[in-house]
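Reading through the structure tokens given below for one structure.
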Amino acid sequence: MTDAEITELRPILDRFGRPINFGWARAPLFEYNPSPFGGASRTRITEADRYLIFSATHQIVFEVSDDGFMGHVGISIVSIKDHRRSTQNFDSLFSLGRFALPPDSEEGSIKIRERKTALDFILMKGGIRIIKVDYPRFGHHRHLRGEVVLSPAFPDAQSIVTVSPCRRDKFAFRYFRCSPWYITEGVMQFGTSEIYFTRDNAWAVYDWKREVRPKRDIRYWAAACGMASGKLVGFNVGYGSSDSSAGTENAFFVDGIVHKLDQVTFHIPPADWLNVWKFTSSDKRLEMIFTPSQERMEKRNVLFYSTKYHQVYGTFSGRAILDNGNSIAFWNITGFAERRKTRF
């Protein structure tokens with residue numbers, strides 16, 4: 001299987017529910033239909049929408065996921081200056097599509113109403129996305145309430161979109177999109193504090209995933225965005241159990257344009273994840289270091305299903321070589337890295 005850029009709309013599955021079209025694209029050109037999935041039961045389907053919002057003072061992560069056995073809603077607020085983090089999660093057993101996550105990353109909105117909590121991901125015309133939250137008892141019983149608006153920084157901004165098969169399961173696949181170029185504006189009231197996000201000083205990454213899971217999976221993933229040399233830069237890098245030979249999810253972005261990368265390796269310090277990491281690409285087009293400031297570890301088990309997270313927040317610095325051969329350097333752009341293990 002060779003690296004294949006997809007340039008026209010294609011279905012992911014054949015009429016028997018088996019994935020047939022693999023590769024990468026600069027826009028969501030794959031048709032996804034969550035039912036039926038042939039030999040894959042609904043308990044093996046994972047659907048997840050995640051937003052990572054960055055500023056010079058804070059990071060906020062909003063996540064809604066449905067793993068079939070368990071539905072998950074999570075919010076993390078990271079104070080860069082104070083080196084503090086507040087995280088609140090709630091899980092729902094056997095969600096099985098109850099969150100009604102849309103099958104298309106460019107259509108539909110998400111409205112969560114759970115345990116007196118309201119969380120909305122609203123998609124507007126022009127690709128504008130609005131996040132609203134009202135969480136009465138968030139972190140030490142403080143109220144989290146607010147609204148942020150995510151606007152595409154460029155009308156023709158591209159994304160990195162991939163569909164990858166699983167090496168040992170003919171029904172398993174991963175459909176993924178990342179867009180690290182949103183301008184963010186809004187206010188979050190957290191207890192007695194207010195967190196402001198202003199144009200040209202706050203950015204966001206949109207992470208979207210639909211997949212049929214293998215029985216065991218491990219994923220490494222990192223993303224960031226910010227300003228460098230007067231340009232909006234960002235990246236998405238990752239790898240895992242799926243076969244990425246038809247197209248990796250690794251890409252560097254400059255002013256919304258994808259510069260595709262080959263395989264990227266995470267050099268994680270084994271003794272302490274809060275030490276400096278290094279990232280290198282096999283095509284020698286990306287070298288960067290990650291300086292962590294905080295970490296979060298979490299484990300969830302339901303019967304024979306388990307997932308383990310190890311997430312790290314910090315800043316990235318390095319250099320990327322673009323498609324035209326020019327290079328661009330970046331310093332201390334805010335981002336996020338994680339390892340996630342899943343078993344069922």
Selection within segment 42-85 - over 22 Å from Val149 (Cα atoms) and either hydroxyl-bearing (Ser, Thr, Tyr) or not in a strand (DSSP E or B) (or both): Arg42, Thr43, Arg44, Thr46, Asp67, Gly68, Phe69, Lys81, Asp82, His83
Residues of segment 93-109 that turn out to be at negative phi and surrounded by fewer than 17 Cβ atoms within 10 Å (Cβ to Cβ), as a count: 7
Hey, Lys308 exposed (fewer than 13 other Cβ atoms within 10 Å of the Cβ), under 20 Å from the mean Cα position of the chain (by Cα) and not polar (S, T, N, Q) or not: no
Filter pass, Asp14 being more than 21 Å from the chain's Cα centre (by Cα), of a type in the set (D, E, K, R), closer than 22 Å to Thr248 by Cβ and surrounded by fewer than 14 Cβ atoms within 10 Å (Cβ to Cβ): no
Criterion (touching a strand residue (DSSP E or B) at 6+ places or on another chain (Cβ under 8 Å), among the hydroxyl-bearing types (Ser, Thr, Tyr) and surrounded by fewer than 17 Cβ atoms within 10 Å (Cβ to Cβ)) met by exactly one of Thr57, Thr46: Thr57
Residue ranges of strands (runs of 3 or more DSSP E) in segment 139-213 with at least 1 members over 22 Å from Ala56 (Cβ atoms), at pLDDT below 95 and not hydrophobic (A, V, I, L, M, F, W, C): 142-152, 160-166, 169-190, 202-212
Which numbered condition Leu274 misses (of (1) part of a loop (DSSP other than H, G, I, E, B); (2) crowded, with 20+ Cβ neighbours inside 10 Å): (2)
Options Ser317, Ser281, Ser293: the member that is more than 28 Å from Ser79 (Cα to Cα) and not β-branched (Val, Ile, Thr): Ser281
Residues that are under 21 Å from the mean Cα position of the chain (by Cα) and basic (Lys, Arg), drawn from segment 182-213: Lys209, Arg210, Arg213
Single condition Phe330 does not satisfy, out of (1) in a strand (DSSP E or B); (2) surrounded by fewer than 17 Cβ atoms within 10 Å (Cβ to Cβ): (2)
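The values are calculated or read from the model by the stated rules, or taken from the named source; none is laboratory data. This one's a predicted model, so the numbers in the text were calculated from it and none came from an experiment. Here the Cβ is made from the backbone with ideal geometry for all residues, glycine too, and neighbour counts use every protein chain on show.
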